[in-house]
1. Being open to solvent by less than 70 Å² (accessible area, probe 1.4 Å) and more than 14 Å from chain B (Cβ to nearest Cβ) is the filter here; which residues of the stretch A:60-81 pass it?
2. Can you find, within the stretch B:53-69, the residue that is nearest to residue B:117 (Cα to Cα) among those that are in contact with a Phe, Trp or Tyr (Cβ under 9 Å, 6 or more places away or on another chain) and either within 14 Å of chain A (Cβ to nearest Cβ) or surrounded by 17 or more Cβ atoms within 10 Å (Cβ to Cβ) (or both)?
3. In this structure, is residue B:81 open to solvent by 40 Å² or more (accessible area, probe 1.4 Å), touching a residue at least 24 places away in the same chain (Cβ under 8 Å) and among the charged types (D, E, K, R)?
4. Residue A:163 - would you say it is polar (S, T, N, Q) and touching a residue at least 24 places away in the same chain (Cβ under 8 Å)?
5. Which numbered condition in (1) surrounded by 14 or more Cβ atoms within 10 Å (Cβ to Cβ); (2) within 14 Å of chain A (Cβ to nearest Cβ) is the only one that residue B:15 fails?
6. Somewhere in the stretch B:33-51, is a residue among the hydroxyl-bearing types (Ser, Thr, Tyr), exposed (fewer than 14 other Cβ atoms within 10 Å of the Cβ), assigned to a loop (DSSP other than H, G, I, E, B) and at pLDDT 85 or above?
7. Can you find even one residue in the stretch A:178-192 that is buried (at least 18 other Cβ atoms within 10 Å of the Cβ) and more than 15 Å from the chain's Cα centre (by Cα)?
8. Say whether the condition of being surrounded by fewer than 20 Cβ atoms within 10 Å (Cβ to Cβ) and part of a loop (DSSP other than H, G, I, E, B) is met by at least one residue in the stretch A:117-133.
Amino acid sequence: MSSQNIINPSTSKPTGLKAGYNPSLGPIQLPSSYQSQIASKSRNIYDHSVFRRTPEVNLSSLSFLFSAMIEQTQQTSKGVQQLEAKLNSYGYGVGNKFLELITLREGKSAKRETRIVEVLQFIHSQVWKTLFGRPADGLEKSQDSEDEYMIIDNLPLMSQFISVPKDFNQLNVNAFTAGIIEGILDSAYFQANVSAHTMAADGYPLRTVFLIKFDHGVLEREAIRFSR
Amino acid sequence: MGYSIGIRLIEDFLAKTGTGRCVSFKETAEVISKIGFKIFLNIIPTITNWTSDGKTFSLIIEENPLAEFVELPDDGKSNKELWYSNVLVGVLKGALEMVQLDVDVFFVSDVLRGDATTELRLKLNKILKDEIPAGED
């Protein structure tokens, strides 16, 4: 490699090798030992088909894992708000990837949603079906403010077996699901804040409302694009 | 994490299956693999590598739902130090302890680390005595 002939900017130090193209050095080839290390991995995740569905896992396994996750998070957070924020951020990562996966799996019929209502309907039906096996129970628009929408689930799968103690009155563990929605909306370029609220109704004590509050810019864009 | 899951999971397991007490550790192994793993993770690990004293065996997990689409980062550390599915270890330990079996559970190999198989090893230390919880005479 002819790196000695190239004058590096004084701030940059030659760093360790990274695969790819470095503008000051040109294409960088990794040492052959590294290549063989990758090739020798007995199974590569890129060989798996994304269309393959994993065999379904028992709901109680999921619930156990989720409850352990909450327990762990609770120990490391100070109070309900931080706990919810953390759960939300866990879900966010899932949502980011999930949009990509669901679009890949749909193949040619996949469509990029550009309107607020359409992307919400997509979450309400498709996403909910893939995640929880059924569409959500309701999609509503807030009467008070322009930028708020609500997705309603009468019996949220994740918190089915969780009862919240009295001194955690405001906690709704569906903050995790809210995070998933937020992740999906963000990677679909609909910046929003999503929060989960328990609003019990007759016969559905766990009924949860996911409050979606879009950024101002999203509404503005929508108005410019579709106001004719 | 796994341990506290295991402690609670065993109740669910017993309630669902109604299996009775196992006569031997061999039978326990069968139940763990064919019923336990089947119910909770929908897989049936293979039981092998029994030691001659019948106290240690291995579970070979062919398809690990926890590790689906997982790849460990290539930082040279994680595939030496991290047992990605170590939560299973805790679950087994916790669950078996609740049925009076003191076992050591540990991973021997993991496909995520580039090994050929994912192998969990269970070693029976001793059978705990049935004890009545304090305050419940």
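1. A:77, A:79, A:80
2. B:61
3. no
4. Values: polar (S, T, N, Q): yes; touching a residue at least 24 places away in the same chain (Cβ under 8 Å): no.
Criteria not met by residue A:163.
5. Going through the list (1) surrounded by 14 or more Cβ atoms within 10 Å (Cβ to Cβ); (2) within 14 Å of chain A (Cβ to nearest Cβ), residue B:15 breaks only (1).
6. Yes, the stretch B:33-51 has at least one match.
7. Looking for residues that are buried (at least 18 other Cβ atoms within 10 Å of the Cβ) and more than 15 Å from the chain's Cα centre (by Cα), one finds none in the stretch A:178-192, hence no.
8. Yes, the stretch A:117-133 contains at least one residue that is surrounded by fewer than 20 Cβ atoms within 10 Å (Cβ to Cβ) and part of a loop (DSSP other than H, G, I, E, B).
The values are calculated or read from the model by the stated rules, or taken from the named source; none is laboratory data. Since we're looking at a predicted model, the values are computed, not measured. Using ideal geometry, Cβ is built from the backbone for each residue, glycine included, and neighbour counts are taken over all protein chains shown. Each accessible area value is taken on the protein alone, full model and side chains, heavy atoms only, with ligands, DNA and RNA left out. Shrake-Rupley method; radii C 1.70, N 1.55, O 1.52, S 1.80 Å.
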